[in-house]
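The values are calculated or read from the model by the stated rules, or taken from the named source; none is laboratory data. Here the structure is a predicted model, which means the values were calculated and not measured. In this analysis, Cβ positions are derived from the backbone assuming ideal geometry, glycine residues included, and neighbour counts consider all displayed protein chains.
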Amino acid sequence: MIYLTFDTSYIVSTCFNFDNNFFKYLEEYILNGTVKIVISSIVDKEIERHLLEQTRDSASTINKCASRVRCLANDGTFSNKLDLNFLSRIALNKFDGFKEKFGIIAIDLNGVNADSVFSDYFSGVGAFESKDKKNEFPDAFAIDSIINYSKDNKLFILSNDNDWLSHTMLRGGVIITDDEEVVKNSNIVFSKSHEHILSMLASITGKDNEECESYFKANFNSMFDNDIEKDFSEQLSSFRYSYYDIEVTNSNILSMELDKALIIRKDKDAKSIVVAILYHIESCQDVNYRDYDNGCWDSEEKEYVFVPSVYSTIHYKTNGLLIVEAEYEYKSGKLEINNPRITNNEISLTDSDYVREEESYPDDFDDDYYEEMKLRELEEKEKAEGRK
């Protein structure tokens, strides 16, 4: 039995989407008894609290907007305010339905060694490495309750929280890596990526098919380049990194490469398969922006008198998950795949995909800059002499 647990941060990162692709493709593992999802009773209550808070905030925002748009209120478009109690019941019922569908059980804290947790607290280790370590008791108890429950079975922990990572490592866990032997030989495995967990599950349970991966590696670019490039190019052209007043002059996809192809579902009667393809795209943007860090500030006038322009190329590496359906057959004992087609493509460019930046200034930057600086210095000197 392989146990899988997640924390509140992962569910929040999905915007409470309990029907995302990760859970869809876990379903077969759960139905055949390979995987069991367990969560701490603490996480169970935290998710409920976050659901209610988000529902309340969303309803409040919508009601405020509706009340300000008088023409909509008058013609009956927003005749009544949203019923918070009704919406809260819908949100909680959705979470309960998710737990029931996947047979998720909430583990209580009865088996947790409280002395061990408090020892970690006073030593400042594990979840208690952060400055606000008093706030991390729920994390420590939650992790220990799941580890105690899973006993000697393999446990995958999915979380975006660094305190969960630290506490998992303290309890002998490892971070998921591309080294499958390390993962196979470790009982407690931590990951911030559900793509990595899918990959390792497929490998451990024997669903990893070398012939399938070989086929898609050989044909990935010719089959899917156009569709993926179209989706990603739209994101890249509109994406803005965290610079002030940035102007994008050009966007390019540099390369696209398949990392792993996994058969996650096989229908022997229909002779069909579902394949999860993990891939990455390397891209760049040519941009220019005003470099206020190297600008000249007039403290008296409270304004910049000179701000150089920077010309820069920003490089990104973005991971994607492609779901492909296909028919298959065996010829001379070899797997042959036919009619592959994309059913879903998950890829999103974010700030965290940043790899490096190549900055350049205009050739006359130094001359202009220092000339302006000398001018300001002279003006300041003249002002000072005039005040004597």
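Structure notes:
- Spans of strands (runs of 3 or more DSSP E) in the stretch 251-340 with at least 3 residues in contact with an Asp or Glu (Cβ under 8 Å, 6 or more places away or on another chain) and at pLDDT 85 or above: 272-290, 309-331
- Of all residues in the stretch 67-109 being more than 30 Å from I146 (Cα to Cα) and acidic (D, E), the one that is modelled with the lowest pLDDT: D75
- Within the stretch 120-137, the set of residues being surrounded by 13 or more Cβ atoms within 10 Å (Cβ to Cβ) and over 15 Å from W164 (Cβ atoms) comprises just one member, Y121.
- Cβ separations smaller than 6 Å between residues 6+ apart or across chains give the following pairs from the stretch 6-19 residues that are on the phi < 0 side of the Ramachandran plot to residues that are at pLDDT 90 or above and small (G, A, S): D7/S159; S9/S159; Y10/S159.
- Answer residue from the stretch 299-319, given it is touching a helix residue (DSSP H, G or I) at 6+ places or on another chain (Cβ under 7 Å) and in contact (Cβ under 8 Å) with a residue 24 or more places away in the chain and is nearest to S199 (Cα to Cα) among those: N319
- Selection count where residues are touching a residue at least 12 places away in the same chain (Cβ under 8 Å) and closer than 29 Å to Y149 by Cβ, scope the stretch 23-66: 26
- Residues of the stretch 199-249 satisfying the condition of being within 21 Å of the chain's Cα centre (by Cα) and at pLDDT 85 or above: I228, E229, F232, S233
- Any hit, the stretch 30-50, residues being surrounded by 17 or more Cβ atoms within 10 Å (Cβ to Cβ) and touching a His at 6+ places or on another chain (Cβ under 7 Å): no
- Applying the criterion of being among the hydrophobic types (A, V, I, L, M, F, W, C) and within 17 Å of the chain's Cα centre (by Cα) to the residues of the stretch 296-354, the residue that is surrounded by the most Cβ atoms within 10 Å (Cβ to Cβ) is L322.
- Selection of the stretch 254-264 for residues being over 20 Å from the mean Cα position of the chain (by Cα) and surrounded by fewer than 16 Cβ atoms within 10 Å (Cβ to Cβ) yields L254, S255.
- Count of the stretch 1-52 residues, restricted to those that are hydroxyl-bearing (S, T, Y) and assigned to a helix (DSSP H, G or I), is 7.
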